[in-house]
Structure formats: C-alpha cells, structure tokens
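Asker: Provided herewith is a single structure, encoded as structure tokens, for subsequent inquiry.
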Amino acid sequence: MEEATELFAERGFAATSLGDIAEAAGLTRPAIYHYVANKDELLARLVHEKTEEPAILLRLINERTDLGPTEKLRTMATEIARGQVHSPARFRLLVRSEAELPEQLSEVYQQSRRNVLQEFVRVIDGGIASGVFRPVDPRIAALGVIGMLNWIAWWHHPSAPDGDRVIEQLADMAVQSVLHEKDGTHYDSGPSRAIAALRHNLDYLERQFGGGSKG
C-alpha cells in the first residue's frame, strides 16, 4: 500500500503499473496477485481510507457533548493535521489522480470532501451561534482551515522531527482564525483593524524578546 501510494503520488495512476508496484515492494508480479487483483483495487482502498475515514472521525468529534466549539475545532484540526503530517503522500496521490478516478470512486472522493467541509462548517457555525467565534462566513472559514491543513502534505516531510509541533501550531491557528479577541473588542475593517494587528504583533515580539532589547 505504501509503495503504491508513493508511485501513484509521483507518477500518477495511469502511468503506474502493477509491475512497478510489485518491483518497488520487492515482490514478483505473480506474488503481488496474492494481495490484490489489480492496481484499481489498490487505488480504491487508498481512496476509501484517505477520504471516508476522516469524514467519519470529524462527525464523531462533532457529536461529542463533552466538548465546546473551541475544543471541537481544535480536535478536528489536530486530527486532519496529524493525517497530513504522517501520510502526506496519500493526500498528494488523490490530488494528482483526481481526474483519473473511475466514476464510482470519484463520487466517493467528492462526497467525502463535502462531508469534511460540512463538519467544519457545522462546528464553526455552532461556535458563532454560541458567541465563542466571530460572525464570519462559516463556509469560507471552513475552506480556509481545511486548505491550511491540507497544504501540510506539500511542505512537511514525515521524517522531520517537528511533526508534533506542526500539528499543535496549525490546530491552534485554526482556532485563532475564528476565535473572538480575548479583550472582547472587535474591529470590522479599516485603520482600527490594522492598529489592532500591530498591537498584537508588538505584544508577540515583546514576549519573544523578554520584554525588551538589551543594549
């Protein structure tokens, strides 16, 4: 499965043969038939695993009654980020092979993407209704969070030692992107927003440098 993932992601589905996968896995072509009938079966397994399972996981998190909107969003973002940090090639293969998917698999893929989006919209909408999140457009906010998390697959390598830090920071960024300002002051647009952003950045720099520079 891992070798097929890497080859599909690198070459695309059409340009990869079952013989290529067998060679990469250290198997003979007859031996690989012991595990799968053809490369379509491998792709189907990968599509179902990478698209359906996250949507189900997000729904289960959303249905938890012991978590508020902030905790739900952080947990959901953490799970998506974890998948992208540890198995980026599986997401890249879906993007690369999207146009080549058989009709039935394509529908599974598209429906699962819609389900993932729906769960993020649902939690953000709930946070807005409860006054925890700012009154943003839930769909736009959800697409922004999903895009940020999915992009991990293109820039982070699974062998990098900072995987946990990446997951934690991006999950926090997902929450902060919709969370109300801590002081309860909200700015719609214009100079007030710019000034507020500058103050936030200055506070951050002061914390980083211990409250001031040393001559």
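The values are calculated or read from the model by the stated rules, or taken from the named source; none is laboratory data. Note that the structure is predicted; figures quoted are calculated from it, not measured. Areas reflect the complete protein model, heavy atoms only, side chains present, ligands, DNA and RNA absent. Shrake-Rupley method; radii C 1.70, N 1.55, O 1.52, S 1.80 Å.
Asker: Express in Å², to the nearest 10, the accessible area of R165 obtained by rolling a 1.4 Å probe over the protein heavy atoms while all chains stay in place.
Answerer: 150 Å²
Asker: If you plug each phi of the range 79-91 into the Karplus form 6.51 cos²θ - 1.76 cosθ + 1.60 with θ = phi - 60°, what whole-Hz ³J(HN,Hα) values come out, in order, with x for Gly and Pro?
Answerer: My calculation for the range 79-91 gives 5, 5, 4, 4, x, 6, 5, 8, 9, x, 5, 5, 6 Hz in order.
Asker: Two-decimal Rg/Rh of the range 42-91 from alpha-carbon positions, Kirkwood Rh?
Answerer: Values: Rg = 12.3 Å, Rh = 11.7 Å.
Result: Rg/Rh = 1.05.
Asker: Please give the length that would be gained between A15 and D66 if that part of the chain were fully extended, namely 0.36 nm times their separation in residues minus their C-alpha to C-alpha distance (nm, one decimal). Working shown, then result.
Answerer: On the way: separation 51, 0.36 × 51 = 18.36 nm, distance 4.77 nm.
The span from A15 to D66 would gain 13.6 nm if fully extended.
Asker: Apply the Karplus parameterisation 6.51 cos²θ - 1.76 cosθ + 1.60, with θ equal to phi minus 60°, to every residue of the range 116-127 and state each ³J(HN,Hα) to the nearest whole Hz, in sequence, with x for glycine and proline.
Answerer: Coupling constants for the range 116-127: 4, 4, 4, 5, 5, 4, 4, 6, 5, 4, x, x Hz.
Asker: May I ask you to compute the full-extension gain from Y33 to E52, defined as 0.36 nm times their residue separation minus their alpha-carbon distance, rounded to one decimal in nm? Present the calculation step by step, with values, prior to reporting the outcome.
Answerer: Values: separation 19, 0.36 × 19 = 6.84 nm, distance 2.56 nm.
Contour length minus Cα-Cα distance gives 4.3 nm.
Asker: Can I ask one more? Which order do T75, T5 take when ranked by solvent-accessible area (1.4 Å probe, heavy atoms of all protein chains), largest first? Don't jump to the answer; show the numbers that get you there.
Answerer: Numbers: T75 40, T5 0 Å².
The ranking, largest first, comes out as T75, T5.
Asker: Taking H placed 1.01 Å from N in the peptide plane, check which residues at least 5 places from G12 or on another chain put their amide H under 5 Å from its amide H.
Answerer: Here nothing satisfies the definition.
Asker: Would you list V95, V108 from the most to the least accessible area, probe 1.4 Å? Provide the component values of the computation, followed by the final result.
Answerer: On the way: V95 60, V108 30 Å².
Final ranking, largest accessible area leading: V95, V108.
Asker: Additional query: Which values, in whole Å and largest first, are the semi-axes of the equivalent ellipsoid of the range 1-150 obtained as the square root of 5 times each eigenvalue of the Cα gyration tensor? Write down the numbers at each step before the final one.
Answerer: On the way: eigenvalues 257, 38, 30 Å².
Semi-axis lengths for the range 1-150 are 36, 14, 12 Å.
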